[in-house]
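The values are calculated or read from the model by the stated rules, or taken from the named source; none is laboratory data. Since the model is a prediction, treat every value here as computed from it, not as a measurement. Cβ coordinates were reconstructed from backbone atoms using ideal geometry, including for glycine residues, and neighbour counts include every protein chain displayed. Ligands, DNA and RNA are stripped out before the accessible areas are found, and what is left, the full protein with its side chains, is counted by its heavy atoms. Shrake-Rupley method; radii C 1.70, N 1.55, O 1.52, S 1.80 Å.
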Amino acid sequence: MMTNRSSRPGNMLELLSGSLGLPDDAQTENIWPEVVRKVDEVYSDLIRYEADLESKNAELEEAQQFISSVIACVSDILVVSDEKGLIVQVNPAFQRLIGLDEDSLRGASLADYILAEDRSVLRRIAHGGEGNVTECELRFLCVDGVARLMAVNCSARFDHAGRRVGAVLTGRPIGELRRAYEALHNAHIELQQAQRTLIEQEKMASIGRLVAGVAHELNNPISFIYGNVHALEKYRRSLSDYFAQTGEKTRQSEAWRAHRIDAILADLPSLTEGMMEGAVRISEIVRNLRRLSFSRPAEIQRIDLERMARTAANWASRSKHRRADILFDCEPGVVAEAHEGQMHQVLVNLIVNAFDAAESVAEPRIRVAIRNLGGEAEIVVEDNGHGFAEGVADKIFEPFFTTKSVGEGTGLGLWVSYSIIKEHGGSIVAANRAGGGAVLTVRLPIDGARTPGGAQERI
């Protein structure tokens, strides 16, 4: 039986000695230190490699844990599939959507959780362009049996060698996106409206300052006119008395007849009366300008609404120089605490607009109704015109908006009326009348209690 030489003592030393070509004694003395040194070097390298490997492994585990925690926190669904469309990994959002855990989903076909009509879209995007992100909409079969529409982004997945090995899909419910877009759109509209409001407010503030200055400057000439008219009327009476005392002789003189003194004396009362009426109208215009500037707080007093409505209708008919049947349907004794001049201006504006609206009909009619509704007084002004065109009723209370031709309206009458009503804590409503025409309804608190920011209503 042969014996294996490698199992005999000293075999390794003999081989080393033979390989080094040394005598046996020399080999025995010199090989061991070299072997020990090499063994120490190898052991040191192993220890270092093991420490590096443990450090790299710890870093890898930390990175994997970080990535997993980030994916778990993402509210959008995330699905990783292989090139066959089988699920490799999903995030918790997708698990909640489908109602299965990751172990149950891993290895299943993603198409099984897509509505049958959308599976062709899934195949197209999953095998689409190289490295490009594809967008589409897919309906997923959810745990509650409802197919939910999702906005999906799909991109290709590659391995370290650059080979395509699958796809990554992320998705978000369409409803959330639409709500986000609607919120952004609404915020944009509100910002535009706020900007327009600021511009209009600045315009109105500038106009108010200008109007206040004009009204102040007009006060002096108006006072001169008032004083001169009163003096002229006094002189007229003095002259009339003088000529009455001089008797017929003076009236029969040639100069009297040549200068037509009788006609002049007869015409003077109407002239002075007309001048006084003009001065009163100018004074009222100035007061209206000062109201437009809102430079002073209004003086509140109890006013009879029926009396004021009849006066406003008289003013409106005289200013328009046209006739219309005006029907007053007023409950007696309705009073409200308000600023008389401002409320008179409101009623004049409403009735004048009713005149204009009914101008084109054969038999124009205007109805003014006043009612006591308990804590509020209601004033209704309606006409039998053509009413508001579509979308107009929502704009008539805006400053500078008018449906009249150029030179016939400034677009400030109803805006001023709305501002006055709001300042009094009331509301104003614009609507089309059932039988044709327009109706504007004003409501005022009877006790004069003001609630700043009274509502403007439109129908």
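Please find, among Ser75, Ser109, the residue that is of a type in the set (Gly, Ala, Ser), open to solvent by 80 Å² or more (accessible area, probe 1.4 Å) and under 23 Å from Pro173 (Cα atoms). Can you show your working first?
Values: Ser109 fails: open to solvent by 80 Å² or more (accessible area, probe 1.4 Å).
Of Ser75, Ser109, the one residue that is of a type in the set (Gly, Ala, Ser), open to solvent by 80 Å² or more (accessible area, probe 1.4 Å) and under 23 Å from Pro173 (Cα atoms) is Ser75.
Go through the stretch 176-235 and count every residue that is among the small types (Gly, Ala, Ser) and at pLDDT 80 or above.
Pass one, the stretch 176-235, residues among the small types (Gly, Ala, Ser): 180, 183, 187, 194, 205-206, 208, 212-213, 215, 223, 227, 231.
Those left that are additionally at pLDDT 80 or above: 180, 183, 187, 194, 231.
Result for the stretch 176-235: 5.
Tally the residues that are among the β-branched types (Val, Ile, Thr) and either crowded, with 17+ Cβ neighbours inside 10 Å or not in a strand (DSSP E or B) (or both), restricting the search to the stretch 145-167.
So in the stretch 145-167, the residues among the β-branched types (Val, Ile, Thr) come out as 146, 152, 165.
Now restrict to residues that are either crowded, with 17+ Cβ neighbours inside 10 Å or not in a strand (DSSP E or B) (or both): 146, 152.
Summing the residues that are among the β-branched types (Val, Ile, Thr) and either crowded, with 17+ Cβ neighbours inside 10 Å or not in a strand (DSSP E or B) (or both) in the stretch 145-167 gives 2.
Quick one: what pairs do we get from the stretch 72-97, first residue on the phi > 0 side of the Ramachandran plot, second open to solvent by less than 40 Å² (accessible area, probe 1.4 Å), C-beta under 9 Å, 6+ apart or different chains?
Sorted first by the residue in the stretch 72-97, then by its partner, the pairs are Gly85/Ser109; Gly85/Leu110; Gly85/Ala111; Gly85/Leu122; Gly85/Ala126; Gly85/Gly166; Gly85/Ala167.
Among the residues of the stretch 407-432, write down those that are part of a loop (DSSP other than H, G, I, E, B), at pLDDT 85 or above and under 18 Å from Gly387 (Cα atoms).
none
May I ask you to verify whether Ile199 is more than 24 Å from Val280 (Cβ to Cβ), of a type in the set (A, V, I, L, M, F, W, C) and open to solvent by 70 Å² or more (accessible area, probe 1.4 Å)? Before you say what the answer is, go through the steps one by one.
On the way: more than 24 Å from Val280 (Cβ to Cβ): yes; of a type in the set (A, V, I, L, M, F, W, C): yes; open to solvent by 70 Å² or more (accessible area, probe 1.4 Å): yes.
For Ile199, the condition - more than 24 Å from Val280 (Cβ to Cβ), of a type in the set (A, V, I, L, M, F, W, C) and open to solvent by 70 Å² or more (accessible area, probe 1.4 Å) - is met.
Within the stretch 373-397, how many residues are on the phi > 0 side of the Ramachandran plot and buried (at least 17 other Cβ atoms within 10 Å of the Cβ)?
1
Any residue in the stretch 326-335 that is closer than 25 Å to Asn432 by Cβ and within 40 Å of the chain's Cα centre (by Cα)? Walk me through it before giving the result.
Within the stretch 326-335, the first condition is being closer than 25 Å to Asn432 by Cβ, and the residues that meet it are 326-331.
Of the ones still in play, those that are also within 40 Å of the chain's Cα centre (by Cα) are none.
Looking through the stretch 326-335, none of the residues is closer than 25 Å to Asn432 by Cβ and within 40 Å of the chain's Cα centre (by Cα).
Only one residue in Ile207, Ile225 is out of contact with any Lys or Arg (no Cβ under 8 Å at 6 or more places or on another chain), over 30 Å from Phe397 (Cα atoms), among the aliphatic types (A, V, I, L, M) and surrounded by 12 or more Cβ atoms within 10 Å (Cβ to Cβ). Which one? Please lay out each step first, then the result.
Details: Ile207 fails: over 30 Å from Phe397 (Cα atoms).
On inspection, the qualifying residue turns out to be Ile225.
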